[in-house]
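J.: Let me begin by handing over the structure; questions about it come next.
The values are calculated or read from the model by the stated rules, or taken from the named source; none is laboratory data. This is a predicted model, so every value here is computed, not measured. Ideal geometry is used to build each Cβ from the backbone, glycine not excepted, and the neighbour counts take in all protein chains shown. Keep in mind that these areas ignore ligands, DNA and RNA; they rest on the heavy atoms of the full protein, side chains included. Shrake-Rupley method; radii C 1.70, N 1.55, O 1.52, S 1.80 Å.
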Amino acid sequence: MTDRPLDASTRLAAERTRLALERTLMAWIRTCASLIGFGFTIYQIFQYLLTKDQAREPFVSPQMLGVLMIVVGLVALTLAWLQHRQELRVLKAEYG
């Protein structure tokens, strides 16, 4: 990019793009927090039911499902953060 200043419409378009990237990251954070929260809740509920002997032996362990949801949430959060950083780097390189 050249060193001349950007015109107003280009500057505003770059700012809208940056704000869209922020909204996308917030949506990913919200989704990942829900996954982690639901995973933790599933794990705790079935842990409680197993201590009270009120649950029969399932085909797939609910504890495993809870831990899987937590892991998926953490991995998705990490990938979303990495994508956000990469997109901001590209935006900064192009528009300064």
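J.: MET26 accessible area, nearest 10 Å², 1.4 Å probe?
T.: 120 Å²
J.: Using the per-residue mean of other Cβ atoms lying within 10 Å as a proxy for protection, in what order, highest first, do the peptides 39-49, 85-95 fall?
T.: Packing order, densest peptide first, comes out as 39-49, 85-95.
J.: In addition: Taking the Cα centre as origin and putting +1 on Lys and Arg beta-carbons and -1 on Asp and Glu beta-carbons, what dipole magnitude results for the chain, to the nearest 20 debye?
T.: With only Lys, Arg, Asp and Glu charged at Cβ, the dipole is about 140 debye.
J.: Modelling each spin label as a point 7 Å along the Cα-to-Cβ direction, I'd like the VAL72/LYS52 distance in nm, to one decimal.
T.: 2.7 nm
J.: If you don't mind, another one. Okay, helix-only estimate at 222 nm for the chain: each DSSP H run of n ≥ 4 adds -39500 (n - 2.57), divide by all residues, round to 500 deg cm²/dmol; what do you get?
T.: Helix contribution divided over all residues of the chain: -30000 deg cm²/dmol.
J.: Output wanted: per-residue J couplings in Hz (rounded whole) for the stretch 18-24, from phi through Karplus 6.51 cos²θ - 1.76 cosθ + 1.60, θ = phi - 60°, x for Gly and Pro.
T.: Going residue by residue, I get 5, 5, 5, 5, 5, 5, 5 Hz, with x marking Gly and Pro.
J.: While we're looking at this one, here's another question. Remind me, relative contact order of the chain in percent, using alpha carbon pairs under 8 angstrom and six or more residues apart?
T.: 43 percent
J.: On full extension of the chain, what length is gained from ARG30 through ALA14, given 0.36 nm per residue of separation minus the C-alpha to C-alpha distance?
T.: 3.3 nm
J.: Residues of the stretch 18-56 with backbone nitrogen within less than 17 Å of a virtual label 7 Å along the Cα-to-Cβ line of LEU65, please, listed as ranges.
T.: From the stretch 18-56, the list is 35-51, 54-56.
J.: Once phi is turned into ³J(HN,Hα) by the Karplus curve 6.51 cos²θ - 1.76 cosθ + 1.60 with θ = phi - 60°, what whole-Hz value does each residue of the stretch 86-91 show in order, with x for glycine and proline?
T.: With the stated coefficients, the stretch 86-91 comes to 5, 5, 5, 4, 5, 5 Hz.
J.: Distances over 16 Å make up what percent of all Cα-Cα pairs in the chain?
T.: Value for the chain (Cα pairs over 16 Å): 66 percent.
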